[in-house]
Amino acid sequence: MAGVPTDLEYLPRLPRDKSPGIGCIGAGFIMADCHLVAYRQAGFSPVAIAARDPARAAAVAHRHQIPRTYANYRELLDDPAVSVVDIAVPPDVQLEVVQEVVRHANHIRGVLAQKPLGVNFAQACEIVRLCRDAGITLSVNQNMRYDQSVRACKSLLNRGDLGEPVLATIDMRAIPHWMPWQQHQGWVTLRIMSIHHLDTLRFWFGDPVRVFASVRPDPRTKFPHDDGICLYILEYANGLRAMSCDDVWTGPAKEGAASDIGIRYRIEGMTGMARGTIGWPSYPERTPSTLDYTTTAASIWHQPRWNEVWFPDAFVGPMAQLLCAMEDNSTPEISGDDNLRTMALVEACYQSAREHRAVEIAEVLESSRP
């Protein structure tokens with residue numbers, strides 16, 4: 001039974017007021033081909049842009065009809081028309097940028113920060129503290145939560161179609177295009193790719209008690225890193241188990257062998273089952289993610305489908321929920337505090353892999369207390 005999912009919530013709630021001026025920091029692929037495409041599609045208001053390469057910022061501004069380009073982000077932050085800052089810079093630069101942003105709290109009311117929120121959990125905690133102390137609403141661009149299939153699946157879980165979840169799995173076989181800035185970090189997959197899956201599992205099921213992770217380097221990636229191929233199991237207090245295989249190698253697919261690339265997920269509950277695919281590995285081809293589900297009420301597969309895709313359409317969601325929170329004076333769905341729990345889960349994966357043991361998330365969270 002395929003068709004447009006009229007009974008599942010899979011689109012973001014949009015703000016009533018789309019006029020707050022967005023200042024864009026960064027002009028790379030994510031900003032130019034995802035954020036700004038989605039913002040224009042939604043009717044949001046980017047008013048200024050700055051990047052390390054002013055010429056590139058100017059080109060992106062021309063492409064997306066952004067009225068002002070600045071030589072550096074400090075000049076952009078001085079612009080009184082900027083009330084929301086969209087930070088799309090490498091994680092090792094984020095803290096420095098946020099330290100400047102909070103000095104402009106007289107007119108800057110909100111920040112959307114790219115994931116990961118800093119280079120580690122400690123930096124994430126500092127970024128959250130800085131924004132909280134300045135009275136600035138912080139949200140994190142965990143955009144996979146707004147993939148249409150992921151969101152529709154959350155709708156199924158919320159209304160109880162699948163019953164109590166028993167087992168959830170994500171299987172990623174995809175070859176990312178690592179960015180130059182990643183080469184000096186010493187890490188790749190857990191903070192760049194797995195963070196999407198860990199955050200999605202939190203979105204679907206809440207916080208696990210502990211995680212066991214095992215990693216090995218990717219033989220294709222030549223710069224030093226620990227976490228190329230990552231496997232991890234999340235244990236929940238109610239008995240649910242969730243696991244993921246994040247395989248950025250996928251066999252010698254670039255060396256002449258046939259390829260088998262994709263992302264698949266599956267959730268088994270007491271009264272139903274869902275399975276889906278994530279269309280991201282096909283980008284720039286527009287390949288919508290999919291969702292199939294069945295329940296004990298009827299032994300058929302329901303197959304809702306949609307035209308929207310994760311890249312770039314889902315990027316409306318993170319900015320929309322920040323603008324809605326600012327409009328309603330409420331907490332964003334992907335608040336800085338919420339994202340600390342995703343960052344803690346990522347940190348627990350690294351600790352588990354180093355120490356070859358299961359790590360409770362509370363261990364990481366408690367490490368941040370003064």
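The values are calculated or read from the model by the stated rules, or taken from the named source; none is laboratory data. Computed from a prediction, not measured in an experiment: that's the story for all the values here. Don't worry about glycine lacking a Cβ; one is built from the backbone with ideal geometry, like all the others, and counts go over all protein chains shown.
Collect the residues in segment 130-158 that are in a helix (DSSP H, G or I), under 23 Å from residue 206 (Cα atoms) and among the charged types (D, E, K, R), keeping them in residue-number order.
Correct list: 145, 151, 154.
Kindly list, by first and then second residue, each pair from a residue in segment 66-85 that is closer than 23 Å to residue 140 by Cβ to a residue that is part of a loop (DSSP other than H, G, I, E, B) and at pLDDT 95 or above, limited to pairs with Cβ atoms under 6 Å and residues at least 6 apart or on different chains.
83/20; 83/109; 84/20; 85/108
I'd like to check something: does segment 66-75 contain any residue that is of a type in the set (Lys, Arg), farther than 23 Å from residue 124 by Cα and exposed (fewer than 14 other Cβ atoms within 10 Å of the Cβ)?
If we filter segment 66-75 for residues that are of a type in the set (Lys, Arg), which is where we start, we get 68, 74.
Now restrict to residues that are farther than 23 Å from residue 124 by Cα: 68.
Subsequent filtering for residues that are exposed (fewer than 14 other Cβ atoms within 10 Å of the Cβ) retains none.
No, segment 66-75 contains no residue that is of a type in the set (Lys, Arg), farther than 23 Å from residue 124 by Cα and exposed (fewer than 14 other Cβ atoms within 10 Å of the Cβ).
In segment 219-230, how many residues are buried (at least 17 other Cβ atoms within 10 Å of the Cβ) and either part of a strand (DSSP E or B) or not acidic (Asp, Glu) (or both)? Talk me through it step by step, then tell me what you get.
If we filter segment 219-230 for residues that are buried (at least 17 other Cβ atoms within 10 Å of the Cβ), which is where we start, we get 221, 225, 227-230.
Now drop any that are not either part of a strand (DSSP E or B) or not acidic (Asp, Glu) (or both), which leaves 221, 225, 228-230.
Here the count works out to 5.
Take segment 16-37 and flag every residue that is surrounded by fewer than 19 Cβ atoms within 10 Å (Cβ to Cβ) and without any contact (Cβ under 8 Å) to a residue 60 or more places away in the chain.
Once the filter is applied, which keeps residues that are surrounded by fewer than 19 Cβ atoms within 10 Å (Cβ to Cβ) and without any contact (Cβ under 8 Å) to a residue 60 or more places away in the chain, segment 16-37 yields 19, 29.
Just checking, how many residues over segment 228-254 are closer than 25 Å to residue 188 by Cα and either of a type in the set (S, T, N, Q) or free of Cβ contacts under 8 Å to residues at least 12 places away in the same chain (or both)?
So the count comes out to 4.
Among the residues of segment 126-149, is any closer than 30 Å to residue 268 by Cβ, among the acidic types (Asp, Glu) and in contact with a strand residue (DSSP E or B) (Cβ under 6 Å, 6 or more places away or on another chain)?
Scanning segment 126-149, I find no residue that is closer than 30 Å to residue 268 by Cβ, among the acidic types (Asp, Glu) and in contact with a strand residue (DSSP E or B) (Cβ under 6 Å, 6 or more places away or on another chain), so the answer is no.
Out of 13, 40, which single residue is in contact with a His (Cβ under 8 Å, 6 or more places away or on another chain), surrounded by fewer than 18 Cβ atoms within 10 Å (Cβ to Cβ) and within 25 Å of residue 145 (Cβ to Cβ)? Can you show your working first?
Numbers: 13 fails: in contact with a His (Cβ under 8 Å, 6 or more places away or on another chain).
Testing whether each residue is in contact with a His (Cβ under 8 Å, 6 or more places away or on another chain), surrounded by fewer than 18 Cβ atoms within 10 Å (Cβ to Cβ) and within 25 Å of residue 145 (Cβ to Cβ) leaves just 40.
Condition first: surrounded by fewer than 23 Cβ atoms within 10 Å (Cβ to Cβ), under 20 Å from residue 116 (Cβ atoms) and either among the polar types (S, T, N, Q) or touching a Phe, Trp or Tyr at 6+ places or on another chain (Cβ under 7 Å) (or both). Can you find one or more residues in segment 191-205 that meet it?
no
Considering 270, 326, which residue is in the same structural domain as residue 83 (by TED's automatic domain parsing) and either of a type in the set (Gly, Ala, Ser) or in contact with a Gly (Cβ under 9 Å, 6 or more places away or on another chain) (or both)?
326
Quick check on residue 186: is it surrounded by fewer than 23 Cβ atoms within 10 Å (Cβ to Cβ), in a loop (DSSP other than H, G, I, E, B) and assigned by TED's automatic domain parsing to the domain that holds residue 220?
For residue 186, the condition - surrounded by fewer than 23 Cβ atoms within 10 Å (Cβ to Cβ), in a loop (DSSP other than H, G, I, E, B) and assigned by TED's automatic domain parsing to the domain that holds residue 220 - is met.
Within segment 295-311, can you find the residues that are more than 16 Å from residue 10 (Cα to Cα) and touching a Gly at 6+ places or on another chain (Cβ under 6 Å)?
Within segment 295-311, just 295 meets the criteria.
Restricting the first residue to segment 145-167 and requiring it to be on the phi > 0 side of the Ramachandran plot, which pairs with a second residue that is surrounded by fewer than 22 Cβ atoms within 10 Å (Cβ to Cβ) meet a Cβ separation below 7 Å and a spacing of at least six or different chains?
163/270; 163/271; 163/272
Go through the residues of segment 88-98 one by one and say whether even a single one is part of a strand (DSSP E or B) and in contact (Cβ under 8 Å) with a residue 12 or more places away in the chain.
no
Given the residues 110, 118, 135, which is the only one that is closer than 17 Å to residue 195 by Cα and not assigned by TED's automatic domain parsing to the domain that holds residue 179?
Matching residue, one of 110, 118, 135: 118.
Out of 27, 61, 57, 38, which single residue is under 20 Å from the mean Cα position of the chain (by Cα) and assigned to a helix (DSSP H, G or I)?
Step by step, each of 27, 61, 57, 38 is checked, and only 38 is under 20 Å from the mean Cα position of the chain (by Cα) and assigned to a helix (DSSP H, G or I).
Yes or no, residue by residue, for (1) at pLDDT below 95; (2) touching a Cys at 6+ places or on another chain (Cβ under 6 Å); (3) within 18 Å of residue 197 (Cα to Cα):
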{"residue": "319", "(1), (2), (3)": "no, no, no"}
{"residue": "322", "(1), (2), (3)": "no, no, no"}
{"residue": "333", "(1), (2), (3)": "no, no, yes"}
{"residue": "349", "(1), (2), (3)": "no, no, yes"}
{"residue": "354", "(1), (2), (3)": "no, no, no"}
{"residue": "358", "(1), (2), (3)": "no, no, no"}
{"residue": "362", "(1), (2), (3)": "no, no, no"}
{"residue": "369", "(1), (2), (3)": "yes, no, no"}
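Listed residues 355, 333; which is free of Cβ contacts under 8 Å to residues at least 60 places away in the same chain and acidic (Asp, Glu)?
The match here is 355.
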